[in-house]
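Notes for the one structure printed next.
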Amino acid sequence: MALSARLLALRGSPFLYKLPPYLSALCVLVGIGWILLLPLNEYSRQTYVSENAILPGQVHTYFGGSEHNIFRAFRQEVYALSQQSEDARQAGVLKVLADSGLKTASQPYAYQVAGESINGTNVYGILQGPRADATEAMVLLAAWRNFDDQINYSGVALALTLARYFSRWSIWSKDIILLIPSDSTYGPLAWVDAYHSICIPPTASRNISAVPLKAGALQAAVALDYPAGPWGQRFSSLDILYDGLNGALPNLDLLNTAVSIASGQMGIACTLHNHGTHSDSYRDRLSVLGSGLATQSLGHATGPHSAFIPYHVDAITLKTVGDGWHDEMSLGRVTESVFRSINNLLEHLHQSFFFYILLNANRFVSVGNYLPAAMVLAGSFTISALGLWVLSGRDDVLVAPLAGGMAKEKVEMETVKLGSDVALVPRQSTRTIQRELFVPALSLLGVHILGYIPLWLMTSLSRENLLLGLRTTTAVTLLLPLALAATIRLTRSQAQMLQSLSLILLGALLATLATLNFSLALVLGVLAAPLAFVRRSSSALVAAAQGILLAVTSPPVAVYALQRMFYPAAGLEKLLLELAKGWSAQGVWLLWVVWGVWWPAWIVGGVVVGSGVMSASSEPR
Amino acid sequence: MATALGRPTTAFTTFFTLLSIRHATEGKLQTSAFALAIASYLSLHPTLLLPPIGLLGYDQLCKSRKPVNDTDGPKSPMRYASTQTDRPKVLDFGTRFFGCFLLTAALLLALSRVLLPSFAFLPSVYLTLLRVPDLTPNPGLWWYFFIEMFDPFRSFFLGVFWLHMLSYSVPFCLRMRKQPLAAVVSMLGITAIFQPYANVGEAGAWLSCLTLLSHTFEVSSTHRYTFPAVAVLLYTSLLGPAFHHLWLYAGSGNANFFYATTLVWNLALLIILTDTVYSVLRDEWEAERPEGKGKDVRQI
């Protein structure tokens, strides 16, 4: 037979209809395998500073000598202030800043989430650059309590020393803002939100007062995290934190500048994601890549810098780790040098990458190399959806009984002509049945609207009830598909249409999410992968197996697994509280993506499996 | 729903345009012209719908008018005013329709003048629509071109863009004079895609109006590209806001990502429009030649 005649016969052939699940499986394997290939040298590159104006490490840093004595004095002062009341502490810090010649102000804030209230006051000072035209500013942060809730004695003291030191230089072309927030997550968030608004009206969960003094547009922010006590402690390396809210990252140039200065000019090793010694092996690179994916997909704040990044202000946190021989003056010189480099900038950092995955402090993967992984995973859903759509248009006569059809032994054939080619195909294969789209479309809409219920449960309940909320959600999640399948009786064609529409939407949403937060799209693509493979089946064994597979990969089970695997010490209630705080206070989208995108798709998958069971039980054979 | 979030005034324009179409289908030319004048007073572009809606009104008027020499009464098989003498005069109809339109427009402008201190509202409302000084990014095609254009060439390109949009109105009426409703809907599509301040609301209104041509959906050989076009619309309506956010708020993308997404959005709408035109014409052709039903077409 000629090739065109073969292709004509293929139109009705069962091979094409069976192909989509295998293509989807291939897409999932390719997507996961792609990530595993990234740590290799061929798919990653050395970092380099793209912006020519930065000139990292080219300046001689004069921070040293008698500044060390001043630092020690300030550290004792900070220690003394930490023993006093909150108000006295703030007044003390304000006085130190004012004595250095900065214009000072404070900003109280309060967040109310899940019955808990988070209060604090941000204290800050503005140093006006002598050569500045007051249109741009750089921020030096030192949170009073660092991310692990230790008091940041040396960090705050270093910031105060640097403020006094910077005020004596006439080279600054941008204003310098020195910010001392109460804590590492909500203080900077409140400050940055208020800085970029005129006034923020108070809501039930948030009451931030306006920032009384403002400087120009923020160009960059550097945060210091050095919790060593009043007698000091030397450190061995610097951990650089760079994740922002919702997976946004700062421009790679800021990181490259900091790494180049710290490791090049000062000789301090730089690590990422607290990875200790990095031997640049495949395992270490993969481990850093994995940590990066995890923090980016969760999208919560990882340090004081995170709140700045959604406002297009590049920010990093320099955190001291370990016990070594570098002391506070090295850190001070690193900070001074970074600020001198930022000072050189004429425009926002834009030359280097905004989308990257770091393998170690000197190696990164650019977006063109890693984005196809998430796109291919989203493609697996789309391929299955297209296959299901075509299948839903097939006559019941052609479909096997196990899949809900009524195929008979003898199928009527007819000849099909195209030009000069003739082929013999089953008669029903050249016709499509009328698709009844109303019930599937309405069900899909309804399930997506229902997704707001678990979202509300997980974000609005008070702390004690969060665990109960999660248990309720788990119970509802496991029972709802069966209940829906029993009430909405779906024919085989309708079930396939419902699954097809749901998977098309899931594929499109994950593809869009990959442009915004690649890691979240990747993680969700892997966790939701079984949804592309479940099918309606009348066989009890197959349906049970599919049901177990779905239950194991359901959103509530994922929350339990997250706590068990990554936060075993913290406890489930604390994790749920952090997630709720992320949604209400920080504006993190994670919970909406899980309960509003993944959960409805999962419910639809469950309904499709359930409808197979229901049809088997209602039609005795 | 997206229109409700954005709260633009095009909701009113769309309402009055649809009202005008409805009255035209009932043959009421005065109310149709009145509604169309209000719509044009709000946004200028419904003026382009004057020829198609006029044709639609005239057509319906012909259908509803009884023949003059009808002696058999209601049982007559000649229900339509099919002869030349029975039809309302074209010039008569045209004058009344356009006259009503112009009169209403003049009345509305006069009312505005009474409420406002001077005639300055005329340039500030209508010249901004014509000269396109505001280039805020929108899902349309114009802003990107005009942002990067040098000033000496601006008026030339303005002329070219407007000429292009104007040039569809009369030809649609001429070709689809047997189905004036199709001409109206197609013209709605042209304005939704090519107007300077394009928005999602008008595109949505036009997509809803496609159901007016549902008689072409049942013909099996028409609407060849619905699925790809709808899939593209789904993806671009998700990616558009994402890239808009990445460009203007997160600062990690640039205008090209967003404009490319709007280009693809408009391409999908255009595919739906051309498919609709094809299906209307195909339907007409198959009505004349029933043996052609179901056959594929080939470009020669």
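The values are calculated or read from the model by the stated rules, or taken from the named source; none is laboratory data. Please read all numbers here as calculations on a predicted model, not as lab measurements. Every residue, glycine among them, receives a Cβ derived from its backbone with ideal geometry; neighbour counts consider all protein chains shown. Keep in mind that these areas ignore ligands, DNA and RNA; they rest on the heavy atoms of the full protein, side chains included. Shrake-Rupley method; radii C 1.70, N 1.55, O 1.52, S 1.80 Å.
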> Which residues, taken from segment A:553-584, are among the small types (Gly, Ala, Ser), open to solvent by less than 10 Å² (accessible area, probe 1.4 Å) and farther than 18 Å from A:GLN296 by Cα?
Replying inline: A:SER554
> Any residue at all in segment A:249-256 that is closer than 29 Å to A:ASN517 by Cβ, within 14 Å of another protein chain (Cβ to nearest Cβ) and of a type in the set (D, E, K, R)?
Replying inline: yes
>> Filter segment A:585-620 down to the residues that are open to solvent by less than 10 Å² (accessible area, probe 1.4 Å) and in a loop (DSSP other than H, G, I, E, B) and list them by number.
In response: A:VAL588
>> Quick check on my filter: what residues within segment B:232-274 are surrounded by fewer than 18 Cβ atoms within 10 Å (Cβ to Cβ), more than 10 Å from chain A (Cβ to nearest Cβ) and closer than 30 Å to B:ALA183 by Cβ?
In response: B:LEU263, B:VAL264, B:LEU267, B:LEU270, B:THR274
> Which members of segment A:90-107 meet the condition of being buried (at least 21 other Cβ atoms within 10 Å of the Cβ) and not polar (S, T, N, Q)?
Replying inline: A:VAL93, A:VAL96, A:LEU97, A:LEU102
> Can you name the number of the only condition in (1) touching a Pro at 6+ places or on another chain (Cβ under 7 Å); (2) within 14 Å of another protein chain (Cβ to nearest Cβ) that A:LEU549 fails?
Replying inline: (2)
>> Only one of B:ARG298, B:ARG289, B:ARG224 is open to solvent by 80 Å² or more (accessible area, probe 1.4 Å), free of Cβ contacts under 8 Å to residues at least 60 places away in the same chain and under 25 Å from the mean Cα position of the chain (by Cα). Can you tell me which?
In response: B:ARG224
>> Could you list, ordered by first residue, the pairs with Cβ atoms under 7 Å in which the first is in segment A:313-338 and farther than 18 Å from A:ARG234 by Cα and the second is open to solvent by 20 Å² or more (accessible area, probe 1.4 Å) and part of a helix (DSSP H, G or I), at least 6 apart or interchain?
In response: A:SER337/A:GLN265
> Out of curiosity, is A:ALA269 of a type in the set (A, V, I, L, M, F, W, C), surrounded by fewer than 23 Cβ atoms within 10 Å (Cβ to Cβ), under 23 Å from A:TRP583 (Cβ atoms) and at pLDDT below 95?
Replying inline: no
> Within segment A:353-370, can you find the residues that are away from chain B (no Cβ under 11 Å) and either part of a strand (DSSP E or B) or farther than 15 Å from A:GLY290 by Cα (or both)?
Replying inline: A:ILE357, A:LEU358, A:LEU359, A:ASN360, A:ASN362, A:ARG363, A:PHE364, A:VAL365, A:SER366, A:GLY368, A:ASN369
> Which of (1) of a type in the set (S, T, N, Q); (2) within 23 Å of A:LYS581 (Cα to Cα); (3) buried (at least 20 other Cβ atoms within 10 Å of the Cβ) is the odd one out, the single condition A:SER154 does not satisfy?
Replying inline: (2)
> Out of A:LEU509, A:LEU513, A:LEU503, which single residue is within 14 Å of chain B (Cβ to nearest Cβ) and either open to solvent by less than 10 Å² (accessible area, probe 1.4 Å) or among the β-branched types (Val, Ile, Thr) (or both)?
Replying inline: A:LEU503
>> Could you check segment A:524-538 and list, in sequence order, the residues that are over 21 Å from A:LEU480 (Cα atoms) and either within 13 Å of chain B (Cβ to nearest Cβ) or surrounded by fewer than 22 Cβ atoms within 10 Å (Cβ to Cβ) (or both)?
In response: A:VAL526
> Within the set of pairs 6+ apart or on separate chains, which have a first residue in segment A:233-256 that is within 22 Å of A:PHE71 (Cα to Cα) and outside any strand (DSSP E or B), a second that is of a type in the set (Phe, Trp, Tyr) and open to solvent by 10 Å² or more (accessible area, probe 1.4 Å), and C-beta atoms under 6 Å apart?
Replying inline: A:ARG234/A:TRP325
